[in-house]
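Undergrad: One structure is given below, represented as structure tokens, and several questions about it will come after.
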Amino acid sequence: MKGFRDVEAVFFDIGGPLYDDENFVRAVLSALDELRAERARPPADRERFRQIYDETRARQHGSLRAALAEEFLGGAAHRGLLHERTGPYWKHPQGSLHTDVLPCLRALHGSVRTGVVANQEATVVDALHRDGAAPYVDVWAVSGIVGVEKPDPALFRWALREAGTTAAHAVHVGNRLDTDVRPARALGLGTVWVLRGEAPPEPTAAQLAEPDVAVPDLSTLPETLFRLPAPGGASAARDGDGPR
């Protein structure tokens with residue numbers, strides 16, 4: 001990746017980079033409580049839930065829903081059931097789109113093809129239309145529509161085909177290493193790690209070395225893409241400074 005003029009497509013994860021990840025937290029908690037009520041058990045302990053959530057964020061690998069199913073439903077084998085029950089609760093209410101999203105998409109659109117590559121329910125498309133982001137989305141690689149979930153490379157390849165470009169000329173922007181940065185980088189895409197939502201509050205130096213660049217939000221993303229290093233040369237852009 002030699003610079004912005006060589007980037008033809010920019011893909012975004014949705015939960016974290018675009019919408020507040022607390023939308024998912026509320027959904028999975030509601031699903032847990034529903035399943036526990038069916039077993040005549042009290043609601044999930046919120047403090048323990050947050051502990052598991054934060055541990056998963058810090059590790060940047062492993063299934064959160066599997067860990068929650070193990071703790072609150074009697075076994076990780078119930079992950080699929082928890083996933084199924086979470087779907088109807090997983091909404092992105094008005095006001096939960098981060099304020100830097102629309103300015104970023106407007107700045108990029110027209111210069112590159114923009115898209116979403118995300119593990120989300122199909123209803124997220126309605127939310128993005130409501131919040132004014134849809135006109136700036138050219139590629140809709142949403143797992144609930146395509147039928148494939150990250151980190152499966154098939155979802156990234158689907159997005160690349162839809163964008164009419166190759167991995168060498170695309171960048172993926174996400175807030176998780178395990179389902180965003182690592183699979184995208186393995187295919188040869190440039191990677192931007194957004195340090196909010198399910199990203200760890202205090203990423204390690206080793207974690208920060210994995211993406212091509214790490215940013216605290218999307219406010220500097222368009223200008224950052226102009227100086228994105230070649231894959232393999234990590235840097236961090238935090239208001240002009242390194243990680244702190």
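Undergrad: Where does the stretch 109-162 land on the Kirkwood hydrodynamic radius, alpha-carbon pairs, in angstrom?
TA: That comes to 11.4 Å for the stretch 109-162.
Undergrad: Okay, next question. How long is the stretch 1-94 along each principal axis, judged by its Cα atoms, biggest number first, in Å?
TA: 59, 30, 23 Å, listed from the longest principal axis down.
Undergrad: Hey, what number do you get for the chain at 222 nm if only DSSP H runs of n ≥ 4 count, each worth -39500 (n - 2.57), divided across all residues, to the nearest 500?
TA: Calculated at 222 nm, the ellipticity per residue is -10500 deg cm²/dmol.
Undergrad: Which one, 29, 127, 209, is farthest towards the positive end of the dipole of the chain when Lys and Arg carry +1 and Asp and Glu -1 on their Cβ?
TA: 209
Undergrad: Continuing with the same structure: Roll a 1.4 angstrom probe over the protein heavy atoms and tell me the percent of accessible area of the chain that is carbon or sulfur.
TA: Carbon and sulfur atoms account for 51 percent of the accessible area of the chain.
Undergrad: Using alpha carbon coordinates only, what is the Rg to Rh ratio of the stretch 120-220, with Rh defined as the Kirkwood radius?
TA: On the way: Rg = 13.9 Å, Rh = 14.4 Å.
Reported Rg/Rh (Cα atoms, Kirkwood Rh): 0.96.
Undergrad: Mind jotting down a quarter of the surface of the convex hull over the alpha carbons of the chain, in square nanometres, one decimal?
TA: Mean projected area for the chain: 12.3 nm², to one decimal.
Undergrad: Related question: From the residues 61, 15, 219, which one has its Cα farthest along the dipole of the chain in the positive direction, the dipole being from +1 and -1 charges on Cβ of Lys/Arg and Asp/Glu about the Cα centre?
TA: It is 61, whose Cα lies furthest towards the positive end.
Undergrad: In a solvent-free Debye calculation with one equal scatterer on each Cα, what is log10 I(q)/I(0) for the stretch 52-125 at q = 0.17, 0.24, 0.27 Å⁻¹, listed in the order of the q values?
TA: Calculated log10 I(q)/I(0) at the listed q: -0.88, -1.14, -1.21.
Undergrad: For the chain, give the magnitude of the charge dipole about the Cα centre (Cβ charges: +1 Lys/Arg, -1 Asp/Glu; no others), in debye to the nearest 20.
TA: With only Lys, Arg, Asp and Glu charged at Cβ, the dipole is about 240 debye.
Undergrad: Based on the Kirkwood radius over alpha-carbon pairs, what value in µm²/s does the Stokes-Einstein equation return for the translational diffusion coefficient of the stretch 82-141 at 20 °C and 1.002 mPa s?
TA: 171 µm²/s
Undergrad: What is the set of long-range amide H partners of residue 133 at a cut-off below 5 Å, with H atoms built 1.01 Å from backbone N?
TA: Those qualifying (amide H under 5 Å, at least 5 residues apart or on another chain) number zero.
Undergrad: Give the long-range amide H neighbours of residue 172: residues separated by 5 or more places, or on another chain, with amide H under 5 Å away, using H modelled in the peptide plane at 1.01 Å from N.
TA: Residues meeting the amide H criterion: 11, 190, 191, 192.
Undergrad: Here is a follow-up. How far apart, in nm, are two points set 7 Å out from the Cα along the Cα-to-Cβ line at residue 37 and at residue 70?
TA: My value for the distance between the label points is 2.8 nm.
Undergrad: Same structure, new question: Could you give each residue of the stretch 87-99 its phi-based ³J(HN,Hα) in whole Hz, using Karplus coefficients 6.51, -1.76, 1.60 with θ = phi - 60°, and x for Gly or Pro?
TA: x, x, 8, 7, 10, 10, x, 4, x, 9, 6, 4, 5
Undergrad: What accessible area per residue, rounded to a whole number of Å², is obtained for the stretch 57-150 using a probe radius of 1.4 Å?
TA: 44 Å²
The values are calculated or read from the model by the stated rules, or taken from the named source; none is laboratory data. Owing to the predicted nature of the structure, the values given are computational and were not obtained by experimental measurement. Every residue, glycine among them, receives a Cβ derived from its backbone with ideal geometry; neighbour counts consider all protein chains shown. In case anyone asks, the SASA skips ligands and DNA or RNA and just uses the protein heavy atoms, side chains included. Shrake-Rupley method; radii C 1.70, N 1.55, O 1.52, S 1.80 Å.
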